[in-house]
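Please read the structure below before turning to the comments.
The values are calculated or read from the model by the stated rules, or taken from the named source; none is laboratory data. Owing to the predicted nature of the structure, the values given are computational and were not obtained by experimental measurement. Here Cβ is always computed from backbone atoms with ideal geometry, including for glycine, and neighbour counts include all displayed protein chains. For the accessible areas, the whole protein counts, side chains as well, though only heavy atoms, and no ligand, DNA or RNA atoms are used. Shrake-Rupley method; radii C 1.70, N 1.55, O 1.52, S 1.80 Å.
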Amino acid sequence: MGKKIKKEVEPPPKDVFDPLTIESKKAATVVLMLKSPEEDILAKACEAIYKFALKGEENKATLLELGAVEPLTKLLTHEDKTVRRNAMMIFGILASNSDVKKLLRELEVMNSVIAQLSPEEEVVIHEFASLCLANMSVEYTGKVQIFEHGGLEPLIRLLSSSDPDVKKNSIECIYNLVQDFQCRTTLQELNAIPPILELLRSEYPIIQLLALKTLGVITCDKEARTMLKENQGLDHLTKILETKELNDLHVEALSVIANCLEDMDTMVLMQQTGSLKKVLSFAENSTIPDIQKNAAKAIAKAAYDPENRKVFHEQEVEKCLVTLLGSDSDGTKIAASQAISAMCENLSCKEFFNTQGIPQIVQLLRSDNEEVREAAALALANLTTSSPANANAAAEADAIDPLINILSSKRDGAVANAATVLTNMATQEPLRAIIQNHEIMHALLGPLHSTNTLVQSTAALTVAATACDVEARTQLRNCGGLVPLVGLLHSKNDEVRRHASWAVMVCAGDEPMAVELCRLGALNILEEINRSLSRKNKFSEAAYNKLLNNNLSLKYSQTGYLSSSNIISDGFYDYGRINPGTKLLSLKELCLQELNDQRAILLVNNKSDTSPPPSMEDKSSDVGYGRSISSSSSLRRASKEKANAGFGSPTEEKSEPASGRNTVLSRAFTKEKGVRKGKGKKEEEKVKEEEEILAVPKFTEGSPEKEWYPPPDPEFCVYVLEVTKSILPIVNLKEQIEVLAKYVADKMGGKIPKEKLADFSWELHISELKFQLKSNVVPIGYIKKGIFYHRALLFKALADKIGVGCSLVRGEYSRGWNEVKLVNEARKGMIGNLPPPEEYIVDLMFHPGNLLKLRSKEADLYRFL
């Protein structure tokens with residue numbers, strides 16, 4: 001045998017790199033390997049990174065910092081399936097990190113990820129691609145990108161995948177996407193309801209739960225509910241409720257049913273099949289709070305439809321809701337109260353809760369949970385609206401005290417609801433009195449200061465309902481409630497402005513309140529509102545008129561008109577015409593002003609005890625403020641004369657004063673007796689009057705510590721006594737007016753012929769009175785030479801005292817007149833409806849006692865020439 005020769009090994013080519021096995025322990029090194037051109041290295045690097053990312057959020061952040069995301073995005077489109085799969089697996093994990101999601105959106109990789117959902121790809125790629133999309137869809141911008149790149153259609157297709165993880169990820173992503181309305185619309189177009197319903201049969205609870213949640217969102221749209229019903233979805237849902245083993249799905253199943261019950265045809269279908277009865281019984285008997293809560297929410301949602309309420313009432317849903325009110329869960333109590341609020345729109349339901357339900361709801365008003373109290377107040381508000389019986393039932397259940405306590409709640413809804421209940425109760429006088437005794441006005445102070453328009457509106461309405469008497473209005477004023485109430489008139493909200501106007505109208509029911517409201521600027525604000533066509537309302541106009549009607553001095557100055565229903569009371573003063581928006585000073589302020597050369601302010605005051613009685617030793621005890629009181633003998637004389645004979649001349653002989661008169665009047669009479677015996681004593685009488693006027697102290701003088709009183713008018717007091725005794729008994733209204741007109745003219749200088757009107761020196765007389773009284777305010781009884789507007793005011797003041805209806809109108813150039821209404825005597829005996837009364841102007845100047853037809857030439861001459 002020959003010797004064996006050893007074969008020489010050929011050396012490797014010089015241009016080939018020898019294989020190298022490297023074991024890396026640093027993530028940074030592996031990240032660098034992602035840029036390798038070798039498929040095997042890329043696959044192994046991706047595998048290592050995947051395992052690293054699975055370990056926790058910190059590792060995901062580390063990979064982001066190392067710059068792993070950008071090279072990985074390029075591998076999503078790699079030719080090698082293994083590399084592509086491993087890269088996709090990494091993104092499925094990494095996408096749960098918010099910073100990674102943000103970077104992925106910037107790199108615009110959505111199209112590449114959605115491409116991995118194609119049917120040709122492996123199940124594993126489907127799993128992690130759908131997982132990546134599920135993570136990306138959590139944020140709104142991610143939803144938008146998925147939808148815009150057409151991700152919804154392949155996701156719906158994957159719902160039929162054989163892999164449960166793919167199904168779970170796909171339905172989770174779809175659930176996130178359908179939170180957007182546009183996605184829900186597209187989902188219906190892609191006929192997604194059947195595959196979603198099929199997921200309810202899954203053996204995996206998480207998939208069933210996600211499917212139910214998705215249905216709960218998409219069935220908010222009517223079209224989706226129709227598709228659900230057409231695909232027997234209600235049967236699937238009912239079976240879930242009947243299966244005790246699926247109790248973890250009952251809550252979500254009820255949510256879907258709640259949406260479906262909004263459709264009347266679905267409601268009828270469930271009633272016919274018995275499903276509705278099963279649902280209500282299930283809710284009533286369940287011990288799971290969330291199930292009870294969702295059942296109540298379902299009823300509340302559906303009950304907003306009138307037809308649904310009828311069906312529920314037929315199914316005796318009220319009993320179920322009363323049972324739910326007794327739940328230990330606050331959420332269930334809230335939902336049940338809301339359902340009752342919706343159901344009581346049905347009159348029969350409202351009557352049912354009168355005997356059952358209201359006591360339980362009142363108990364909830366005392367709950368420590370603010371939301372429970374708000375929901376209970378809402379239920380009670382709806383129950384008591386237009387239902388006096390329910391309002392009484394609530395009061396009998398002691399609801400008033402907790403309702404007033406809720407007015408101080410921090411929840412605006414609770415305050416508004418409580419205020420509404422109190423308003424409903426206050427429509428009944430006995431309940432209103434009870435509410436007022438609970439210091440309601442003080443409790444409303446906080447709501448009136450609220451910045452919430454609903455609270456402002458309901459609080460103002462409650463004021464309007466409860467401030468119906470003087471005591472309540474006084475309480476509101478004393479606690480400072482008028483200031484915020486007037487402030488609400490500035491609101492830009494129509495309802496707040498309307499209710500505030502209503503409240504102001506009610507509060508202006510008496511003169512002190514009307515004066516205070518005017519002082520706070522309510523009249524000016526209402527005037528501004530009423531000038532705006534868009535802002536004014538019937539209540540603002542009514543409030544404005546009510547304020548003026550209870551502040552007649554201001555009304556006459558602004559409008560120049562007082563109707564027959566505007567009764568002049570003591571303290572009325574005629575300042576003269578003022579422009580709208582101009583502030584009218586109070587009588588006290590005007591009395592305390594220095595004497596000026598402006599028009600005299602006329603005062604009507606019948607109070608004889610407006611100042612402390614003078615001492616007997618006082619030299620001026622014979623006189624009041626200003627002129628001496630005229631003899632009361634004219635009253636005795638007038639009572640002896642026939643009513644149609646008029647009144648005698650003041651120069652005729654005086655008789656003894658009537659009994660019962662005060663000392664001042666009697667002494668004044670005695671003092672005048674010797675100087676008024678005949679026509680030859682006129683000059684002496686004039687001197688005497690001037691002396692008495694000069695003896696009167698100035699109105700503005702006096703101790704500042706003493707209470708201020710308006711200037712007295714003893715002459716006017718006598719006028720009132722005289723006309724009350726002599727004119728009031730006259731039966732014929734026309735005769736009353738004629739006699740009163742002659743009386744007024746007699747006291748104001750007598751008849752003045754037209755041709756001598758210019759010679760009637762009334763201006764000098766008024767100026768002398770102002771100077772002698774040292775005041776710009778002149779009581780009407782002091783004026784002995786009066787022109788048109790003096791006489792018209794005196795006529796109106798006296799007519800109001802004896803119940804003779806007449807208006808007072810201010811004209812131009814010192815004109816003023818009174819208008820009266822009389823039924824034609826010739827037509828009084830007519831059968832049938834009486835004709836409308838005719839209007840006349842009372843002549844107090846040229847021919848005192850004459851009645852001039854309002855639209856006649858004579859009346860125009862009297863008013864304007």
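Annotations
- Of interest is the spacing of the C-alpha centroids, which for region 197-239 and region 452-503 amounts to 51 Å.
- Extension gain, residue 288 to residue 494, is 69.7 nm, computed as 0.36 nm per intervening residue step minus the present C-alpha separation.
- Whole-angstrom gap from region 167-189 to region 256-290, using each part's C-alpha centre: 26 Å
- Cα-derived Rg to Rh of region 276-348, Kirkwood definition: 0.93
- Cα-based radius of gyration for region 206-253, normalised by 2.2 N^0.38 Å, reads 1.12.
- Accessible heavy-atom area order of 236, 442, highest first, probe of 1.4 Å: 442, 236
- Taking each of 60/101; 143/222; 293/350; 734/756; 297/333; 60/167 in turn, the alpha-carbon distance tops 19 angstrom for 143/222; 293/350; 734/756; 60/167.
- Rolled with a 1.4 Å probe across the full set of protein chains, the surface gives residue 495 an accessible area near 80 Å².
- Per-residue 3J(HN,Hα) values for region 69-80, derived from phi via the Karplus relation 6.51 cos²θ - 1.76 cosθ + 1.60 with θ = phi - 60°, read 5, 4, x, 5, 4, 6, 6, 5, 10, 5, 5, 6 Hz in sequence order (x marks Gly and Pro).
- Scalar couplings 3J(HN,Hα) for region 473-482, obtained by applying the Karplus form with A = 6.51, B = -1.76, C = 1.60 to θ = phi - 60°, are 5, 5, 4, 5, 5, 5, 8, x, x, 5 Hz; x denotes Gly and Pro.
- Carbon and sulfur %, accessible surface of region 747-827 computed with the full protein complex present, 1.4 Å: 52 percent
- Segment residue 206..residue 582, full-extension length gain: 127.9 nm, with 0.36 nm per residue of separation and the alpha-carbon distance subtracted.
- Our analysis of region 22-101 gives Rg over Rh at 0.92, with the two radii drawn from alpha carbon positions and Rh computed by the Kirkwood formula.
- 3J(HN,Hα) couplings calculated from phi for region 557-566 with the Karplus curve 6.51 cos²θ - 1.76 cosθ + 1.60 (θ = phi - 60°) are, in sequence order, 5, 7, 9, x, 8, 10, 7, 5, 7, 8 Hz; Gly and Pro show x.
- Cα gyration tensor shape for region 399-533, rounded if a/c is under 1.5, else prolate or oblate: oblate
- Cα gyration tensor, region 121-208 - rounded (a/c under 1.5), prolate or oblate: oblate
- Potential extension, residue 105-residue 538 segment - 0.36 nm per residue separation minus Cα distance: 150.1 nm
- Other residues lying with their Cβ under 11 Å from the Cβ of residue 766 contribute a combined charge of +2, Lys and Arg counting +1, Asp and Glu -1.
- Sorted largest first, extent of region 728-795 alpha carbons per principal axis (Å): 43, 29, 14
- Three-way shape label, region 161-272, alpha-carbon gyration tensor, a/c 1.5: oblate
- Distance from region 714-755 to region 294-326 (C-alpha centre basis), Å: 73 Å
- For region 224-329, radius of gyration divided by Kirkwood radius, i.e. Rg to Rh on alpha-carbons: 0.93
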